[in-house]
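Readers should treat all values here as calculations from the given coordinates under stated rules, not as data from a laboratory. Since we're looking at a predicted model, the values are computed, not measured. We place every Cβ from the backbone using ideal geometry, glycine too, and count neighbours over all the protein chains shown.
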């Protein structure tokens, strides 16, 4: 297998580092070390989470410098986003400590569902807080144009309570109006057919089930609260890694099913838009089949153009959304997986393609 893609290579190294550190943490029970050193969670948990995120901070900065355009590379933004996740993880930690103390599977399910909903609400709120935006309507759908977004950001669907919005990054505002609107049609289709909603509901359900499995392991193998929380974060990283290997196929099939419908609308614009998208992403028109089937939730340009199959089961982007929402369990795999390494906006708005 040839790893001729710099972004993929950095992503594999990044995820590999997190998995390796998580395995070491479990093997040597770093949670027990923290528990013995700090009996009070008031100090132990913030310190652990600070170190936890700080371990990946140098990698974030290095990879951002290597992969991003100069205008999209910002150490300050990387630090700010990491700080935001530190505060979020800190909030989650104290809820998790209550759940571990009660040893209630029902509470674990409620925690998992509610925090994932909170994550989606935060995602829906952030575009207006971190970007210069303008709003419009197209075919009764709310469009939020991001005037100062990085070039690596993709169009996406976000939700805030019952409001669904399509966010449009700056790169699409610079293209021909026809290409811009045709790409928006893809997301309108996903909203109309409730494909995106199905993916989110499936991700929340899968994550809630996996959370209960991890919860069972934690309460039966570890006794001290600090030890439980730290090992829970390590196990969550390993679980996310397994999802990376299993879910891309479902994601690919879902994307190819949507592609079939978009080709039927206008094959010429469909192919043009793939080229526009790819010039800001991997710049891989084709890939080795083995590499593509394992590491990519989105098929290559050639695979998408040449595909004629209709798949019975497909959930576009389910791998990225599932791993993103698993941050509710303190997993940080989402920072490095599927082209997110060094791209802090992608940590909050996982690439849709």
Notebook entry, point to check: What residues from segment 132-154 fall in the zone where the backbone N is under 12 Å from a label point 7 Å along the Cα-to-C-beta line of residue 170?
Noted result: 132-133, 146-153
Check: Does segment 1-78 come out rounded, prolate or oblate by the C-alpha gyration tensor, with a ≥ b ≥ c the root eigenvalues, rounded set by a/c under 1.5 and, if not, prolate when a/b is larger than b/c and oblate if not?
Finding: oblate
Check: Ranking 262, 108, 121 by Cβ neighbours within 10 Å, fewest first, what do you get?
Finding: 121, 262, 108
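If you build the Cα gyration tensor of the chain and take the root of 5 times each eigenvalue, what three semi-axes come out, in whole angstrom, biggest first?
Numbers: eigenvalues 243, 86, 81 Å².
Computed over the chain, the values are 35, 21, 20 Å.
Run the helix sum for the chain: -39,500 (n - 2.57) per DSSP H stretch of 4+ residues, divided by residue count, reported at 222 nm to the nearest 500 deg cm²/dmol. Write out the running numbers ahead of the final one.
Values: 16 runs with 235 residues, N = 353.
Calculated at 222 nm, the ellipticity per residue is -21500 deg cm²/dmol.
Calculate the all-directions average of the projected area of segment 118-258's alpha-carbon convex hull, and give it in nm². Provide the component values of the computation, followed by the final result.
Values: hull surface 42.1 nm².
Result: a mean projected hull area of 10.5 nm².
Order these by the 10 Å Cβ neighbour count, fewest first: 59, 199. The partial results should precede the final answer.
Numbers: 59 18, 199 24.
Listed from fewest to most nearby Cβ atoms, that is 59, 199.
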Next item on the list: Classify segment 168-231 as rounded, prolate or oblate, taking a ≥ b ≥ c as the square roots of the eigenvalues of its Cα gyration tensor: rounded when a/c is under 1.5, otherwise prolate if a/b is larger than b/c and oblate if not.
Entry: oblate
Check: Taking 0.36 nm per residue of separation and subtracting the Cα-Cα distance, what length does fully extending residue 312 through residue 194 add?
Finding: 40.9 nm
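Which order do peptides 323-333, 33-43 fall in by mean Cβ count within 10 Å, highest first? Don't skip to the answer; put the middle values down first.
Working: 323-333: 25.6, 33-43: 13.8.
Packing order, densest peptide first, comes out as 323-333, 33-43.
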Margin query: Expected output is a single nm value to one decimal: the length gained when fully extending between residue 62 and residue 266, i.e. 0.36 nm times separation in residues minus the C-alpha distance. What is it?
Written below: 69.4 nm
Item checked: Distance between modelled label sites at residue 80 and residue 147, nm, 7 Å Cα→Cβ extension -> 1.6
Next item on the list: For helix 195-221, report the angle its Cα long axis makes with the longest principal axis of the Cα atoms of the chain; keep it between 0 and 90° and round to the nearest 10°.
Entry: 20
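Would you work out the relative contact order for the chain, in percent, from Cα pairs under 8 angstrom that are 6 or more residues apart? Could the numbers behind the result be given before it?
Numbers: 475 pairs, mean separation 96.9, N = 353.
Relative CO of the chain lands at 27 percent.
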Item checked: Pairwise FRET efficiency - residue 140 versus residue 105, Cβ, R0 = 56 Å, nearest 0.05 -> 0.85
Margin query: Taking the 0 to 90 degree range and rounding to the nearest ten, how far is the long axis of helix 248-265 tilted relative to the main principal axis of the chain, both from C-alpha atoms?
Written below: 20
Notebook entry, point to check: In whole Å, what is the distance between the alpha-carbon centres of segment 208-281 and segment 106-129?
Noted result: 17
Notebook entry, point to check: What order do you get for 192, 320 when you list them from fewest to most C-beta neighbours inside 10 Å?
Noted result: 192, 320
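Let me know the shape class of segment 44-156, please: from the alpha-carbon gyration tensor, a ≥ b ≥ c as square roots of the eigenvalues, rounded when a/c is under 1.5, otherwise prolate if a/b is greater than b/c, or oblate.
On the way: a/c = 3.16, a/b = 1.30, b/c = 2.43.
Judged from the Cα gyration tensor, segment 44-156 comes out oblate (a/c at least 1.5, b/c at or above a/b).
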